[in-house]
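Read-outs: derived from the displayed coordinates by stated rules, not from any lab. Just so we're clear, the structure is a prediction, and the values are computed from it rather than from any experiment. Because the Cβ atoms are built from the backbone with ideal geometry, glycine has one as well, and the counts that use them run over all protein chains shown.
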Amino acid sequence: MQTATSHDAPHGVRQVEIGPERDGQRIDNALTTLLKGVPKSMIYRLLRTGQVRVNGKRAKPETRLAAGDILRIPPVRMAAEKTGEPPPSAALMGAVAEAVIFEDKHFLVIDKPAGIASHGGSGVSHGAIELLRAARPNEHLELVHRLDRDTSGVLVFARTRAGLTGLQALIRAGEVTKQYLCLMVGHPNKAKFDVNAPLQKSVLQGGERMVRVSDNGKPSLTFFREMEQYRGARLMQATLGTGRTHQIRVHAAHVGHPLAGDPKYGDKEANKRFREMGLQRLFLHAAHMSFELDGRAYGFSAPLSEDLKDFLDVLAVKGKNPEGYRPRGKNAH
């Protein structure tokens, strides 16, 4: 139910007063529901070009709305129809629909396949949220958090406003447990260690996001624990103390043991050798997420995907330390 009220303006511009049910919601998620049928890529383009405004000011995709805000929405439906963007393929819709591992009144959870983005935008027509909405047209679904496109595993969607705002508040408060499985190149000399290094995000000219360790960055903490040993690599469990963009990948590279298959922060020579052994993507999997909300304990788990398990089987038999790989970077373990 939407309590936002709309006031018509000249030339098709809408002025929408935000109701209490959208208090704290990200503007990109609000626009997705207010502009049904408009591709996410167009919504981000409208935000980038300043056509969407909150109380007369330009807004970023991560801007959070407050009850009583006046949201300016330009006339976009006709423009969206002219893009000729094709509907999602039945195969992609089926892959996401079959990946559902849990659903109740408040949440729907999938084991996201690698290669599917969490949402559309930046050259991606249809992400997991768009595919699910297409597969379930009569349901209200909102993306609670995000996974990188190449990361598989637990991805949570909200079916109610209470579920969305409640879980996002827990995430911001650090009261959600998120655990990943990842393959580190080389041999950290400790089975358990923490990486406490501030991270700073930047956007390159082409729109690519890059993250680096910087004293000017935001506090970031990752807990690593060894799960299995392989020649030339270690399977690790990474538990997030904070939830920064690319956090596990950058922290792993920072201590000299980047993630296998990481094209952005990884080791090119090691990646090449692992690719020849069958690893076709970043070895990072969101294995578990748990939290308590309104007196109920939730826990979602997704087993390591088949392509990564198959690669570990090959590595166990044929694995070799890639050309005498040596840890690089500060605080190498």
Label model pair THR177, ARG146: point-to-point distance (7 angstrom along the Cα→beta-carbon line) in nm is 2.7 nm
Over its alpha-carbon atoms, the chain yields an Rg and a Dmax in Å of 21.2, 69
So the FRET efficiency between ARG212 and VAL13, C-beta based with R0 = 45 Å and rounded to 0.05, is 0.65
Those GluC sites (Glu not before Pro) from the range 12-62 that are DSSP loop and have at most 16 other Cβ neighbours within 10 Å turn out to be GLU62
Classified through the alpha carbon gyration tensor (a ≥ b ≥ c as square roots of its eigenvalues; rounded if a/c is under 1.5, else prolate when a/b is larger than b/c, else oblate), the range 196-307 comes out oblate
With R₀ set to 51 angstrom, the calculated FRET efficiency between the beta-carbons of ASN55 and PHE193, to the nearest 0.05, is 0.65
Any lysines whose Cα falls less than 20 Å from that of LYS192, other than same-chain ones fewer than 8 residues away, would be LYS178, LYS330
Residues meeting the amide H criterion for ALA233 (H placed from the backbone, H to H distance under 5 Å, 5 or more places apart or on another chain) are GLY186
Expected vector for the range 46-61, Karplus 3J(HN,Hα) from phi with 6.51, -1.76, 1.60 and θ = phi - 60°, integer Hz, x for Gly and Pro, equals 4, 5, 4, 8, x, 7, 9, 9, 10, 6, x, 10, 4, 10, 9, x
Simple SL model, points at 7 angstrom along Cα→Cβ for ILE70 and SER301; separation in nm is 5.3 nm
Counting only residues 5 or more apart in sequence or on a different chain, those whose built amide H sits under 5 Å from that of GLY127 are GLY120
Expressed in nanometres to one decimal, the distance between label points 7 Å along Cα→Cβ at VAL314 and GLN280 is 1.0 nm
Longest principal axis of the chain (C-alpha) makes with the long axis of helix 306-318 (C-alpha) an angle, in degrees to the nearest 10, of 10 degrees
With x for Gly and Pro, the residue-by-residue ³J(HN,Hα) of the range 161-173, computed from phi through the Karplus equation 6.51 cos²θ - 1.76 cosθ + 1.60 at θ = phi - 60° and given in whole Hz, is 5, 4, x, 5, 5, x, 6, 5, 5, 5, 4, 5, 7
Exposed-loop cut sites defined as trypsin sites (Lys or Arg not before Pro) in DSSP loop states with at most 12 other Cβ within 10 angstrom; longest site-free run of the chain spans 191-319
In order over the range 263-269: 3J(HN,Hα) from phi, Karplus 6.51/-1.76/1.60, θ = phi - 60°, whole Hz, x for each Gly or Pro, gives x, 9, 10, x, 9, 4, 5
Subtracting the Cα-Cα distance of GLU226 and THR239 from 0.36 nm times their residue separation yields 3.5 nm
